[in-house]
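K.L.:
One structure is given below, represented as structure tokens, and several questions about it will come after.
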Amino acid sequence: MGGSLVRHAVRRWVITLVAWLATTSVVAATPDGAPRIATLDWTIAETLIALDARLVGLAQIDGYAAWVGEPAVPTSVLDLGLRAQPNLEQLAGLAPDRLALSPMFAGLAPRLETIAPVTTFSLYGPDAETWPAIRRLTRELGAFADREREAEALIARSEAKIDQLAQRLPAGTPPLIVVQFMDSRHVRVFGENGLYHAVLERLGLENGWTGETNRWGFSLVGLESLARLDGRLVVVRPYPVGVARSLADSALWTRLSSRSHGEVIELDPVWSFGALPSATRFAEALVEALDAD
């Protein structure tokens, strides 16, 4: 029993030491006096990184790398564990000045408020126009992180980039059906209220999915639901484990692919619930693929 208590005490001491070292390294690397911010949310994180804010802690950095990708998380940022169950000991040792949450994790606010002040930022919702909401979120996070000028510059730069990309699109591009696989027989298909749809609109492209969507801009459907759609298929990776192999042997997917108006486009991961960084990356990847035909 005594040995167990000693091991527990040592473990707590090591966690605190690691968090303290991470904190001191971040302070040394960013001496401009801006607030030190931690977040559990990847959309908030990608925006803060793009704003060159002082992000010191983020949940599930490996997941961010797989689903969001860019902008990359600085090596100085401490991994806080699972988004829904962050490591509170590490977070307390990190001692951020401010914590940023999305509504998805707002239930954790009472516990997190014992560590640092918590602010919740929303983006997607049934009554929100996606592009104006993205602008608003960017400005709110700019004010939150003392990066107001950087926020305005990010908005201007992103919108100018997407407008330039629109000029490269080939004439006669068919409607696009943007999907992401959940398993070998079900996909998220993206429409109104979502990031991908907002980017398609800014590029002047037509979305092949006109059905209902949830507050995040997608509908979960079986592959057979795609058979009645008319357009070109766009698949956003990553594929769940084993799905790519299953699709290679799927007669249904083979038929759907043959009906696509052009070869099925596969894009590297872009966070479908993201903000300006993800929007710009999606536009770049999509236009590059269409322009390559």
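K.L.:
Taking springs between alpha-carbon atoms closer than 10 angstrom, which of ASN193, ASN207, ASN87 fluctuates most in the Gaussian network model of the chain?
P.N.:
Of ASN193, ASN207, ASN87, the most mobile in the Gaussian network model is ASN87.
K.L.:
Still on this structure, please answer the following. Give the carbon-plus-sulfur fraction of the accessible surface of the chain in %, rounded to a whole number; probe 1.4 Å, heavy atoms of protein chains only. List each step's numbers first, then the result.
P.N.:
Numbers: 7370 of 13830 Å².
The nonpolar share, carbon plus sulfur, comes to 53 percent.
K.L.:
Same structure, new question: Rg and Dmax of the stretch 179-293, using alpha carbons, in Å: what are they?
P.N.:
That works out to 13.4, 37 Å for Rg and Dmax.
K.L.:
Suppose the chain between SER246 and GLN167 were pulled fully straight at 0.36 nm per residue; how much longer would it get relative to their current alpha carbon spacing?
P.N.:
Result: 24.7 nm gained on full extension.
K.L.:
Now a separate question. Sum up the charges of everything whose Cβ sits under 11 Å from the Cβ of GLY262, counting Lys and Arg as +1 and Asp and Glu as -1, but leave GLY262 out. Working shown, then result.
P.N.:
Numbers: positive: ARG232, ARG259; negative: GLU263, ASP293.
Its environment carries a net charge of 0.
K.L.:
I'd like the per residue volume of the convex hull spanned by the Cα atoms of the chain, given in cubic angstrom. Walk me through the numbers on the way to the answer.
P.N.:
Working: hull volume 43.6 nm³, N = 293.
Residue-normalised Cα hull volume stands at 149 Å³.
K.L.:
Follow-up. What residue among PRO110, PRO238, PRO132 has the largest mean-square fluctuation in a Gaussian network model of the chain, using Cα springs under 10 Å?
P.N.:
Its mean-square fluctuation being the largest, the pick is PRO110.
K.L.:
So with the 1.4 Å probe, I'd like the accessible area per residue for the chain, rounded to whole Å². Write down the numbers at each step before the final one.
P.N.:
Details: 13830 Å² over 293 residues.
Ligands and nucleic acids excluded, the figure is 47 Å² per residue.
K.L.:
Sort 139-145, 116-122, 174-180 by the packing proxy (mean of other Cβ within 10 Å over each peptide's residues), most packed first. Intermediate results must be reported in sequence, preceding the final value.
P.N.:
Working: 139-145: 19.7, 116-122: 16.3, 174-180: 21.9.
With the highest mean Cβ count within 10 Å placed first, the list reads 174-180, 139-145, 116-122.
K.L.:
May I pose another question? For ARG215, put the label point 7 Å out on the Cα→Cβ axis and report which residues of the stretch 95-113 keep their amide N under 18 Å from it.
P.N.:
101-110
K.L.:
OK, next. Between the stretch 186-240 and the stretch 146-162, what is the separation of their alpha carbon centroids in Å?
P.N.:
27 Å
K.L.:
Can you quote the Å³ per residue value for the convex hull of the Cα atoms in the stretch 32-150, rounded to an integer?
P.N.:
Details: hull volume 12.4 nm³, N = 119.
So the per-residue hull volume is 105 Å³.
The values are calculated or read from the model by the stated rules, or taken from the named source; none is laboratory data. Just so you know, these numbers come straight off a predicted model, no measurement behind them. So basically every Cβ, Gly included, is an ideal-geometry build from the backbone, and we count neighbours across all protein chains shown. Remember, those area values only see protein heavy atoms, side chains included, never the ligands or the DNA or RNA. Shrake-Rupley method; radii C 1.70, N 1.55, O 1.52, S 1.80 Å.
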